[in-house]
Amino acid sequence: MKPAPFDYYAPTSVEEALATLHNLGYDGKVLAGGQSLIPAMNFRMARPAALVDLNKIRELFYIKPTSDGGLAIGTMTRDSAVEKDPLVAQRFPIVPFVIKHIAHPQIRNRGTFGGAIAHADPAAQLPALSVALKARFLVRRQGGERWVNAEDFFMGPFMTVLEPEEMLAEVVLPPMEKGSGASYQQVSRQKGGYAQAAVISVVVVDENKRCKDVRVVLFSVGETPILSQSASKILVGNVPTAEAIAEVAEKISKEEVDPGTDIHGTAEYRRHLVKVLVRRGLTEAFERAK
Amino acid sequence: MAGKYVHQSILRLEDPELITGNVQFLDDIKLPGMLHAAFKRSDYAHARIKSIDVSEARKLPGVIGVYTAEDFGDYIKPGPLQVPPPTAIKGATYAARTTMPIAKDKVRYAGEPVAIVIAESRYIAEDACDLIYVDYEPLEAVVDLEKALQPGSPLVHEDLPSNEAGHVRQERGSWEQAVKEADLIIKRKFFINRNAGAAMENRGIVVQWDKHAKQMTIWCGTQSVIALRNQTAARLGLFESQVRVITPNTGGGFGPKINTSLPDDVLITYLAMKLDRPIKWFEDRRENFLATTSERDQVHYCEIAVKRDGTIVGLKDFFYHNTGAYNPYMMTVPLNTQTHTVTNYRVPNFLTEFYVVFTNQMIVTPVRGAGRQYGVFVMERMLDAAAKELGMSPVEIRRKNLLPANAYPYYTSIIGQDFVEGVLDSGDYPSAFEKTLELIEYDKFVKEVQPKLRAEGKKVGIGVACFSEGTGVGPYEGARVTVGGNGKVVVTTGYTSQGQAHYTTFAQIVADQLGVDVKDVKVITGDTGYFGWGAGTFASRGITVAGTATHLAAQKVRQKALKLASKILQAPEEELELADGVVRVADIPSKFIALGDLATLANPMRGTMEPGTEPGLEAVAYYGPPYGATGAGAVGLIVEVDPETMQVSLEKMAFVHDCGTPVNPMVVDGQIHGGIQMGIGDAFYEELIYDENGQLVTASFMDYLFPQATDMPKKLVLGHMETPSPLNPLGIKGVGEAGAIPIPSVFTQAVENALWDTGVEFDRDTLSPSRIFTYVQQAKGA
Amino acid sequence: MAQTVKINVTVNGKQYEREVEPRLLLSDFIRHDLGLTGTHVGCEHGLCGACTILLDGEAVRSCTIFAVQADGHEIQTVESLGTPDNLHPIQQAFIEKHALQCGFCTPGFLMTLVDYLGDNPNPTEEEIREAIDGNFCRCTGYFNIVEAVKLAAQKMASH
């Protein structure tokens, strides 16, 4: 299990990285934390011709508060750095809670926040989390940049809107609204293992405890993170009763997800999990909303 | 039997070096000029090889050679049987189709080697594998155990009339009679799966040929240095003395490392000679999953005949056993299944019959437990089913049928893996069972805790299961004990170690006999250069068989020391004692001679020697038991099941075992712990899954779920019993596999109990939340 | 000839300058190029944890990092902990609690725990299990490892 040969580039600035990516075109592959890519290379399931290693670009490692109460996270910030950051915990308590479910500590010490998003594994937490938190991504290329909403970023399993010469540079999390509550529910075979089904719920309630906004994002049960439509249709403007939540859970599990059967679970079981987890997640999120 | 050291939990002597990284494991070996090997493995489970093009691979810089079957000529032939066929069993039939070192004409499992590359580095060797092009004609794969025997099934070995690899039928008493006597006959079908050994260190081999000395050295983490040496020598036309096999420190064995005459050792020994360069092959994890032997599935059709009061009058078990593509290990696993079906309970009439089946899957050989847990699973499940039908509790039906404490020796009438009739040498099963109930607080749980938690909506369940473990079987092991002029003792044995603490436990045995500090006893295992006789590490027989041989050798040395010291100290032997590294007159401590000085005198350089005297304070002893010593015990488990997600949490486990005299109780506990982890894997996580094309879909730790720390029971209580075995002087029984054996049985029972209101009944092991969910859905629908 | 890159790495306090192929895994570099064979390799896909080392003080898997990426960084391996005569408290605790059998996975556990106990000197049993969840052991069932970590925490606190 040794990787096939590749050309290696280790730029020390973003500009240099973008120039390298530009020159390499389809041959170039960004190496961030490498915790998914390198195992795949060891199995020789991935054989990039060239790797552009971002680990020497110090300017991509940061967690900065934004003036509106949100956060900007440099793409190379290690998962464990985000997990342990006090400002993240204060502004987005759901974030460290979700990150704790990513693999194991040694992986989180190396894996990166932006890398996991750009990798777009349908079973990964951070793509779904970014959708749930209405994240915006700064995508850069040589001589240009664009902003992409998390919702519009994921195209399929391991597929995003990123062009070969582009790089995800920064993730911006807009502030949580007043009256927000969030919950993360996951079922996996083992701690740190891939989710068989998982849901991140972010809700906002008004002073009358009515639902102002709700984002229920499911993953591992479809090709990309799935932002539920029925949740907002049913809940927004209403008091989230147990019945309403149950209705949402039922509807999502029946209509909005498409889990497959794999060696660890049948599609039926995973669809059932979605129903259970959405109910638990929404209940918890509304309880936490304040 | 306790001594100054035996029966004491002394800390392991091997640990300080081991824990600081100061030891050598296989892949740490680096020899001048060493080359590296990689295998090109079949992508198909079953296919004819039309052609193999290695021309591009050969051209790659750094590649020394690329070889296919045709490059080896007549050297390539099926390897020898590793275990004899069961000719001792009347009417047993078998077809032996042993391992091909490299596929010739046809591949029979996905992962079977079709070419081997030798290169300057493993990286380059793998690059070259990518450049080998094999043209296959795919054939339908034989995957399903039962379909494999149906007429018209594709054949794994086309020279055989069917995929049947063997058939054994044994009967105790008369099943027919049992049917007549029974009030009730209950039938069940079980599907049982089994896991990989998955030692943390993969397999590997380093071979060096010294063409001047005509001497081959093999480093290999094998469980049997003797088999590897002998088979290598025979194959290459060498004397055994020309081949030295050394086991470096080995990172776990668990069964699969017992195998010899596999592609790696057959081909690499040959190529190291041919190329006159040392060669290393160190298996990677993917290869370990694909191509290292493991256990697999059995399908059982079972009937139990009971009286209305729960008394068993008979059991009939008919099963199919998957042996994979070849069967070099013959029938050890299914024979263990047969014997262990009825070794805990009184079963006057027992009919057991199995078919061994070839499939296009990896070869099946023993993994910790080695088929015993299938037998235990079948029996325990049948008791659960009978209890339910009869309205009894699982405890009551077991109490009713457990072999009583006065039943030993108990003859089972069933011939086992050691080809003699099973005999339970000693034990006290009812006490072990009662102790387990106590430790798991069975009554309290059932009467108080469970009703309360159930009222709160919690799904908690309890299970309790019994097991036995036939251990320490023959044929024999040997050891040499030598006292040096430095007063220290060295023990050498042909036995091999993979972490079982032999360097400590064997030293404990010797230190007690010779009165030396245990730290002054050095144990050398698994090096044919030191000791060239023995069978190998299997069937939990290390401390029982090799440990007893060590004990006997130490006793002989003791006798020699006493005899010589008696002359020198001019005192009768009866008045002498061995202690503190000296032989002294018991009443006159000042009158002594150091053991080291005695050893020097025992090897006189001039003068005469009394006829019949052998030089040195040294002795060799061999020990071969007439049959194995049977350990036993019971386990209780409390689980909580999330009734929606079917996640199972292991709240508490109580495990009571009896392995006779524990030479080192701390080490015994460790063995149980490890077994439990493997049993939990077996029950709930680990599974080698082949798809309908015979592709292994769990060839990585991403898909093959290895039990982690958070998967273990939150609380574990061990209970100890000591019923010494009458078979050996120390009263030892093996314990290496005990922990692994009863876990699937107790797990299924406990989960069933937790979900009692669904009426669910499990007919298989290796459950998962999804499987439990499906069972519950089916039970609801029924 | 394959591309090679010159790297400077500090391992256990000692500086090494080596030419490496970019694809060389850090685990292979440490073991075979530097001869520090205390770090073991069990899966090469980032699951088993046997190859865990400290990279700039943090526990990582050395099988899923390329050696070139260690350029300019500091590494600690099991060889940096203790010697047979002068064991690290975690090593001592492992021995006293019989937390190793074959010993193959042990270096990975030790390095994980050096990092973990440094940040969490007084963990609960549940926290310990989670801390070692990314290290596989086939021999011990983890029971004695958990006990050893408790003891190690005590030993380190009293140091």
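The values are calculated or read from the model by the stated rules, or taken from the named source; none is laboratory data. Keep in mind that this is a model prediction, so the values were computed, not measured. When we count neighbours, we look across all protein chains shown, and the Cβ atoms used for this are built from the backbone with ideal geometry, even at glycine.
State yes or no: is B:P154 assigned to a loop (DSSP other than H, G, I, E, B), without any contact (Cβ under 8 Å) to a residue 40 or more places away in the chain, surrounded by fewer than 18 Cβ atoms within 10 Å (Cβ to Cβ) and not small (G, A, S)? So B:P154 does not fit the description; no. Can we say B:G474 is in contact with a Leu (Cβ under 8 Å, 6 or more places away or on another chain) and not in a strand (DSSP E or B)? No; evaluated as a whole, the condition is false for this residue.
Name the single residue that is farthest from the chain's Cα centre (by Cα) among those in the range A:34-73 being in a helix (DSSP H, G or I) and either surrounded by 22 or more Cβ atoms within 10 Å (Cβ to Cβ) or not hydrophobic (A, V, I, L, M, F, W, C) (or both). Before you say what the answer is, go through the steps one by one.
Step one: of the range A:34-73, the residues in a helix (DSSP H, G or I) are A:37-42, A:58-60.
Now restrict to residues that are either surrounded by 22 or more Cβ atoms within 10 Å (Cβ to Cβ) or not hydrophobic (A, V, I, L, M, F, W, C) (or both): A:38-39, A:41-42, A:58-60.
Numbers: A:I38: 20, A:P39: 20, A:M41: 22, A:N42: 25, A:R58: 23, A:E59: 22, A:L60: 18 Å.
The residue in question is A:N42.
Pairing each residue of the range A:42-59 that is under 22 Å from A:E15 (Cβ atoms) and facing chain C (nearest Cβ under 10 Å) with any residue that is part of a helix (DSSP H, G or I) and not hydroxyl-bearing (S, T, Y), provided the two are 6+ apart or on different chains, yields C-beta distances under 7 Å for A:A50/A:L24; A:A50/A:D27; A:D53/C:Q69; A:N55/C:Q69.
Any residue at all in the range A:106-123 that is within 14 Å of chain C (Cβ to nearest Cβ), in contact with a strand residue (DSSP E or B) (Cβ under 8 Å, 6 or more places away or on another chain), in contact (Cβ under 8 Å) with a residue 12 or more places away in the chain and aromatic (F, W, Y)? No, the range A:106-123 has no match at all. Pairs meeting the criteria (first residue in the range B:756-782 and away from chain A (no Cβ under 14 Å), second residue β-branched (V, I, T) and assigned to a loop (DSSP other than H, G, I, E, B), beta carbons under 9 Å, at least 6 apart or on different chains) are B:A779/B:V760. Residues that are crowded, with 19+ Cβ neighbours inside 10 Å and within 9 Å of chain C (Cβ to nearest Cβ) were ranked within the range B:701-710; the one that is nearest to A:M45 (Cα to Cα) is B:F701. C:T106 - would you say it is buried (at least 21 other Cβ atoms within 10 Å of the Cβ) and at the interface with another protein chain (Cβ under 10 Å from one of its Cβ atoms)? Judged against the criteria, C:T106 is a match.
Does the range C:30-50 contain any residue that is charged (D, E, K, R), out of contact with any Cys (no Cβ under 7 Å at 6 or more places or on another chain), within 20 Å of B:D284 (Cβ to Cβ) and within 14 Å of chain B (Cβ to nearest Cβ)?
At the first step, the residues of the range C:30-50 found to be charged (D, E, K, R) are C:31, C:33, C:44.
Among the residues that remain, those that are also out of contact with any Cys (no Cβ under 7 Å at 6 or more places or on another chain) are: C:31, C:33.
Subsequent filtering for residues that are within 20 Å of B:D284 (Cβ to Cβ) retains C:31, C:33.
Of the ones still in play, those that are also within 14 Å of chain B (Cβ to nearest Cβ) are C:31, C:33.
Yes.
Filtered by the rule that a residue be among the basic types (K, R) and touching a strand residue (DSSP E or B) at 6+ places or on another chain (Cβ under 6 Å), the range B:479-504 gives a lone residue, B:R480.
If you take the residues of the range B:233-269 that are polar (S, T, N, Q), touching a strand residue (DSSP E or B) at 6+ places or on another chain (Cβ under 6 Å) and under 18 Å from B:L31 (Cβ atoms), which of them is nearest to the other protein chains (Cβ to nearest Cβ)?
The first filter runs over the range B:233-269 and keeps only residues polar (S, T, N, Q), leaving B:241-242, B:247, B:249-250, B:259-261, B:269.
Next cut, touching a strand residue (DSSP E or B) at 6+ places or on another chain (Cβ under 6 Å) only: B:242, B:249, B:269.
Retained after the next criterion (residues that are under 18 Å from B:L31 (Cβ atoms)): B:249, B:269.
On the way: B:N249: 7, B:T269: 23 Å.
Ranking the qualifying residues of the range B:233-269, first place goes to B:N249.
Results for (1) under 30 Å from B:E686 (Cα atoms); (2) crowded, with 18+ Cβ neighbours inside 10 Å; (3) of a type in the set (D, E); (4) without any contact (Cβ under 8 Å) to a residue 12 or more places away in the chain, shown as yes or no for each residue.
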site: A:E250; (1), (2), (3), (4): no, no, yes, no
site: A:E255; (1), (2), (3), (4): no, no, yes, no
site: A:D258; (1), (2), (3), (4): yes, no, yes, no
site: A:T261; (1), (2), (3), (4): yes, no, no, yes
site: A:G265; (1), (2), (3), (4): yes, yes, no, no
site: A:R270; (1), (2), (3), (4): yes, yes, no, no
site: A:R279; (1), (2), (3), (4): no, yes, no, no
site: A:E287; (1), (2), (3), (4): no, no, yes, no
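Here is the figure for the range B:342-396: residues that are among the basic types (K, R), touching a strand residue (DSSP E or B) at 6+ places or on another chain (Cβ under 8 Å) and either under 17 Å from B:E761 (Cα atoms) or in a loop (DSSP other than H, G, I, E, B) (or both) total 2. Just one residue in the set B:E146, B:E176, B:E201 is at negative phi and within 14 Å of another protein chain (Cβ to nearest Cβ); that residue is B:E201. Checked against (1) away from chain C (no Cβ under 14 Å); (2) touching a strand residue (DSSP E or B) at 6+ places or on another chain (Cβ under 9 Å); (3) at pLDDT 95 or above; (4) part of a loop (DSSP other than H, G, I, E, B), B:A539 meets all criteria but (3). Taking into account only those residues within the range A:1-32 that are more than 9 Å from every other protein chain (Cβ to nearest Cβ) and in a loop (DSSP other than H, G, I, E, B), which is nearest to C:D28 (Cα to Cα)? In this case the residue turns out to be A:A32. The set of residues in the range B:682-695 being within 11 Å of chain A (Cβ to nearest Cβ), of a type in the set (A, V, I, L, M, F, W, C) and either in a strand (DSSP E or B) or in contact (Cβ under 8 Å) with a residue 24 or more places away in the chain (or both) consists of B:F684, B:L688. Among the residues of the range B:711-720, those that are assigned to a strand (DSSP E or B) and either of a type in the set (G, A, S) or at the interface with another protein chain (Cβ under 7 Å from one of its Cβ atoms) (or both) comprise B:L716, B:G719. Of everything listed in (1) modelled with pLDDT of 95 or more; (2) under 14 Å from B:T343 (Cβ atoms); (3) out of contact with any His (no Cβ under 9 Å at 6 or more places or on another chain); (4) outside any loop (DSSP other than H, G, I, E, B), the single unmet condition for B:A432 is (3). Taking the criterion of being surrounded by fewer than 24 Cβ atoms within 10 Å (Cβ to Cβ) and not in a loop (DSSP other than H, G, I, E, B), the residues of the range C:126-142 that qualify are C:E126, C:E127, C:R129, C:E130. Test A:V203 against the criterion of being in a strand (DSSP E or B) and either surrounded by 15 or more Cβ atoms within 10 Å (Cβ to Cβ) or under 23 Å from the mean Cα position of the chain (by Cα) (or both), and give yes or no. Yes: the conditions hold for A:V203.
Of all residues in the range B:112-135, those being β-branched (V, I, T) and assigned to a helix (DSSP H, G or I) number 1.
In the set B:A511, B:A501, B:A507, only one residue is within 27 Å of the chain's Cα centre (by Cα) and more than 14 Å from chain C (Cβ to nearest Cβ); that residue is B:A507.
Just the residues that are more than 8 Å from every other protein chain (Cβ to nearest Cβ) and either touching a strand residue (DSSP E or B) at 6+ places or on another chain (Cβ under 9 Å) or β-branched (V, I, T) (or both), please, taken from the range C:73-98. Those that are more than 8 Å from every other protein chain (Cβ to nearest Cβ) and either touching a strand residue (DSSP E or B) at 6+ places or on another chain (Cβ under 9 Å) or β-branched (V, I, T) (or both): C:H73, C:E74, C:I75, C:Q76, C:S80, C:I90. If the condition is being of a type in the set (A, V, I, L, M) and under 19 Å from B:Y329 (Cβ atoms), then the range B:206-256 contributes B:V225, B:I226, B:A227, B:L228, B:A234. Can you name the condition, by its number, that B:P643 falls short on among (1) surrounded by fewer than 24 Cβ atoms within 10 Å (Cβ to Cβ); (2) not in a loop (DSSP other than H, G, I, E, B)? All conditions pass for B:P643, except number (2).
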